[in-house]
């Protein structure tokens, strides 16, 4: 019980930090009237979009909650609702801060680079800490409530189902938020760029572009709220699944082990908060260096803190305590080492993603070079980089799987994933920093501030591009591990609750092969839907902007004001409409496959096929997601590299080709790619809930 | 024995048809001197390229043959050499006809559309029949030689290893030919288009473009020789693997069953030859209709012929004969029905590919529409279509797997794949028709013939684009089934030759998960290498052409002749250099994974990981290959659709965007995508040879 209190205290600390940091951000100067006016547009529109998005999601959510209540009773339904509401809240509050920090970052950048960095990063840290804190509170709080207040046995079915349902709630919100936000932001971005930069020849963020506010709104609802919901979900699912696995696998000590992931989460919130205070520019004025300093401190402290926290939590024997499952035994120390594996994997994934998306290395430069020979060679090289970028992360993840598994079996995987996720507070802070600086630059441009301000915000923003890519690599890597943990829960569940049934998961079973094919198909189909949706939304924006330029010729002369609200409204409708169908794909797929194969070949083979489907989604999803996010990031920075004066610089033919590549990469990296994360996990969670339903 | 004679007779008939059709093509009028001159350039350059390509491959081939001789003794080494030489021969002879038929097709098109169609299709049919005939002769001949002349037992290890090595020889040539030819053709195409159409503003196939000959050469060495080697390989591997599986699985009747795939191949050559005579324009003058008529007749006759041939080959009991493996039994009729499944899958795959790549349906039109808003939206929509295009084929293949497996287990899969491949003669004819008509149009343009000729060749060529895409869909679908058969041979081999070892292929084994990840990685990495190679080769062509335009200003005025040979030479070197490394990837991957995991975790888990690697390659490769080939075909025809006068027609902004998409699609559909086929199979075959080596 004291262990649980520590975890809950960690969660509360995160919220306290969030309140403090919010006040600190809001107390900063919001600039002149013009800046406030522009920021006001963004605030109103972002709020309006999220309100409508959450209203649409609520309809689906309430339906699912009712179904869960009917099929799995009260506590899972409440768990689902809790996960859904808190996942939504993390994204929503993060967005509220983000749209207020943007203008203050612009104003801060007028004073100094450090001031701008501080405000932007602190705003990001609010989102980051809220994600980690609320996620930890959700799992630890609900678990404590069920086991200590309601008195359920910790390893009982009702507790397990409730934790799974909690994850499902978070996942369902997250896929909608990721996809809806992704369609909004990239529809706006693609539309604004095509018609503004390419047709009208006006710069990015020019106030004459009727889609410019929508573009800035998009950064907040996509990169900030979407990413927050995504990592909230991965956090809840990973920690929850590791607890569930402990309950399913261990002969003794399950209750003790179930609380370990929670305390890891708790202490890492503290190390993350400490890390935020190390984000300071050094002598070299390197922004990336400042951010990495904060991240490095957090990781280092976490390595130490997790060791002592686990040792303490395991009581008298400490890390020497031995745990046994059916087929093996391992010590607390083994589990700690799995946590170390998770942290090392995190570090390597971040390093590799930076290699593939930073302007300093071969991949981005090869795309920039290929831009010299035109649009097509830019795109070809970008696609080549996106394919290649999957190799090293997959090797790292594979090595991590083997080491963690050798140390402590499937639970080792769970602890590695938990340690990865425990850093979520810090990692989300790095990511949520991105949209703030992106907006800050936009506001500087629209408010016609001095060029030096824009230069500073551009420097902040360039780093934001890399951190956004880096956190996506992290999110996907952790999602893959989390999904493997869920898959193990699926096989364990079948053994536990359908013990009379021999389910053959061997690759020589044709239903397994077919399951793998069908699972691998999901990310492709999902990606296709996401890309098409952005194409459609972007096309609609282009037509709307063209219409406004045609009907109000004064816009280009600066004598007439564009109607910003129309583009926002149009995108809001498009995003909400387009996000529903793809989001249902991972929910329905396992159910449909189960029902169909059950009809054809019986329950055992249906379970085989669904199990293979889950693994197929993970394997194929990992590749699709990494290739899309890394490729998109590389295209983006290849454009930036040219804009820095290479290969002819801004306005050259190479630059035009690079703008095409950047635009192609937009839906890749910000819509389809990252939305694959929650999709992978939803498929797995729905399969678990299906088992729970069938076993009743 | 009479059964084998029938098969061999089928093979010989194909060669006889080939000789007759070659004479018929060569006897046609080769046009005026200018046409002959241009065709001469293409002939010389194509021959020179293939000679150098095969010389380079020979080095690798001899090395591998020596290794096989050392490790597996004489007969497998000879089998390897036989497969390699005949695979190369099929491609080479096909190319020889193709570069002579092109100019005759141009001349024929001057007379009538029917005349042009006849010559082009007959030239394609030569390649098609040679592929099927030589492949059948290779397997049936070598099998007969080993069992009847040398007197080895049909199910003995030496025969099995020799058949596998035969497939390996064919595969190794095929991956080089596919990749080398693919890099050459698309390097030329991308380079010529970028600098010609986009920069210099001259039309496609303009004789002033120094890369124009290389472009036309590329069609022959890529689409014709490359595809021929590919399908030769799939044919040999499928038929061989089905025979091997019969030997491994059956308790009795194995020898009888081993000859069935051969007789299926034999009779389908006859039905394919009959089908070629039905390729005639009807009242509606529909070229596609004429080709489909030939294909339809072949399929229909094959359905009947396979039935009677199998009934006869199985002797007294006919199709009622019962065969038993360890865990099930099935009749000859069940195997026939599996063949029907294979033919139905073929038909559906062709139908689906046409839907995704023909200008008549939504996918291509959506790309054309998206071109209106620019380069980027064209590419985004094209990528969306390429992702989406995987869905239906995978569903069809999954259904085929389940039905065939339910009928007759793994052998059912083998028979379904065999029936698919038995149509190879006809299908390759449809494909090899493409480069002939593509060249014919080029020659018409360069020889400055009347516009009406170019119109006719354009009509022939547009259909060629679709048939090329369609045959790729077929090649990949059959490759996936063939690879599954090989995977079964791998698991069966382990059971037979390492019977003391318990190998766990369950999805809950972490080494299986890691194997799946690593296998899935191969097509991505391979695709990345292929795309990069084309980008580099294309870039080099662009620079060479720019240099010629700069140094010889008379070229554009028509007073000076461009140096065609330089671009050809440059591409030859690039293609041969770039094809080696990626081709070694699938050869080395299973060996490296085996060695590493064997060190870490022992032989049983190493076999698990390698097995999962094989399946990972199949699953991921199928998606990568389908998405690339269908996407590329759709981009190509979206451009054609615009050139037909839609969305502004030629020269419009939409057309420029569509040219970008077409260029991006080039390495997708003609280099990286199709080369995935042989890659999938090489990985599987190398694993089989590894087992053979380890079991000695």
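Computed from the coordinates by the stated procedures, all read-outs in this text should not be read as laboratory data. Computed from a predicted structure; not experimentally measured. Cβ sites come from the backbone with ideal geometry, for glycine too, and all protein chains shown count toward neighbours.
Using just its DSSP H runs of length 4 or more, each adding -39500 (n - 2.57), chain A gives a mean residue ellipticity at 222 nm of -29000 deg cm²/dmol after division by all residues.
Three principal axis extents of the protein assembly as shown based on alpha-carbon atoms, in descending order, are 90, 76, 51 Å.
Taking only the C-alpha atoms of the stretch A:1-695, the Rg (one decimal) and the largest Cα-Cα distance, Dmax (whole number), read 24.1, 78 Å.
Against chain A, whose longest principal axis is taken from its Cα atoms, helix A:2-26 shows a tilt of about 10°.
Against chain A, whose longest principal axis is taken from its Cα atoms, helix A:74-111 shows a tilt of about 30°.
Rg and Dmax, both from the Cα atoms of the stretch A:109-152 and both in Å, are 18.2, 57.
With its label point defined 7 Å out from Cα along the Cα-to-Cβ axis, residue A:451 lies at 5.2 nm from the matching points of the other copies, in increasing order. For the stretch A:465-525, the equivalent ellipsoid derived from the Cα gyration tensor has semi-axes of 31, 17, 7 Å, listed largest first. Packing, taken as the mean count of other beta carbons within 10 Å per residue, orders the peptides A:13-23, A:414-424, A:607-617 from highest to lowest as A:414-424, A:607-617, A:13-23. State whether the stretch B:264-418 is rounded, prolate or oblate according to the following rule on the C-alpha gyration tensor (a ≥ b ≥ c being the square roots of its eigenvalues): a/c under 1.5 gives rounded; otherwise a/b larger than b/c gives prolate, and the remaining case gives oblate. It comes out oblate by the Cα gyration axes. The three principal axes of the C-alpha atoms in the stretch B:571-680 carry coordinate ranges of 64, 32, 18 Å, sorted with the longest axis first. The stretch A:160-245: Rg/Rh from Cα coordinates, Kirkwood Rh? My calculation puts Rg/Rh at 1.25. Here the spin labels are modelled as points 7 Å beyond Cα on the Cα-Cβ line, and at residue B:559 and residue B:596 they lie 6.2 nm apart. Based on the inverse mean of 1/r over its pairs of different Cα atoms, what is the Kirkwood hydrodynamic radius of the stretch A:1-112, in Å? Result for the stretch A:1-112 stands at 16.9 Å. For the pair the stretch A:201-234 / the stretch B:367-410, the C-alpha centres are spaced 31 Å from each other.
Taking the average, over residues, of other Cβ atoms within 10 Å as the packing measure, peptides B:589-595, A:331-337, A:264-270, A:595-601 rank A:264-270, A:331-337, B:589-595, A:595-601 from highest down. Over the stretch A:344-433, the pair-distance histogram of Cα-Cα distances with 10 Å bins from zero comes to 15, 34, 29, 17, 5, 0 percent, rounded to whole numbers. Computed over the stretch A:231-315, the Cα gyration tensor eigenvalues convert (square root of 5λ each) into semi-axes of 33, 14, 8 Å, ordered from largest to smallest.
Just want the ordering: A:224, B:338, from fewest to most Cβ atoms lying within 10 Å of their own Cβ. Result, fewest neighbours first: B:338, A:224. Structural descriptor for chain B: relative contact order 21 percent, calculated from alpha carbon pairs under 8 angstrom and at least 6 residues apart.
Residue by residue along A:388-398, Cβ atoms of other protein chains within 10 Å of the local Cβ number 4 on average. Cβ crowding within 10 Å ranks B:41, B:668, B:641 as B:41, B:641, B:668, fewest other Cβ atoms first.
Centre-to-centre separation between the Cα atoms of the stretch A:620-665 and those of the stretch A:505-580: 19 Å. Packing order of peptides A:301-311, B:142-152, A:362-372, highest average first: A:362-372, A:301-311, B:142-152 (average count of other Cβ atoms within 10 Å over each peptide's residues). Classify the stretch B:116-184 as rounded, prolate or oblate, taking a ≥ b ≥ c as the square roots of the eigenvalues of its Cα gyration tensor: rounded when a/c is under 1.5, otherwise prolate if a/b is larger than b/c and oblate if not. Oblate is the answer for the stretch B:116-184, as a/c is 1.5 or above yet b/c matches or exceeds a/b. In plain terms, the C-alpha convex hull of the stretch A:288-360 casts an average shadow of 6.4 nm² when viewed from every direction. Peptide B:521-532 has a mean shielding of 6, counted as Cβ atoms of other protein chains within 10 Å of each residue's Cβ. In nanometers and ordered shortest first, the copy-to-copy spacing of the residue B:40 label point, defined 7 Å from Cα toward Cβ, is 8.1.
Mean per-residue shielding of peptide A:613-620 is 4, counting Cβ atoms of other chains within 10 Å of each Cβ. All Cα-Cα distances of the stretch A:442-489, cut into 10 Å bins from zero to the largest, leave 23, 27, 20, 15, 11, 4 percent in each bin in turn.
Between residue B:73 and residue B:573, the FRET efficiency from the beta-carbon distance, with R0 = 35 Å, is close to 0.40.
Taking Cα atoms only, the orientation of helix A:391-422 departs from the longest principal axis of chain A by about 50 degrees. Measuring nothing but alpha carbons in the stretch A:200-349 and taking Rh as the Kirkwood radius, the Rg to Rh ratio lands at 1.15.
Label-point spacing for residue A:329 across the identical copies (point 7 Å from Cα in the Cβ direction), in nm and ascending order: 5.1.
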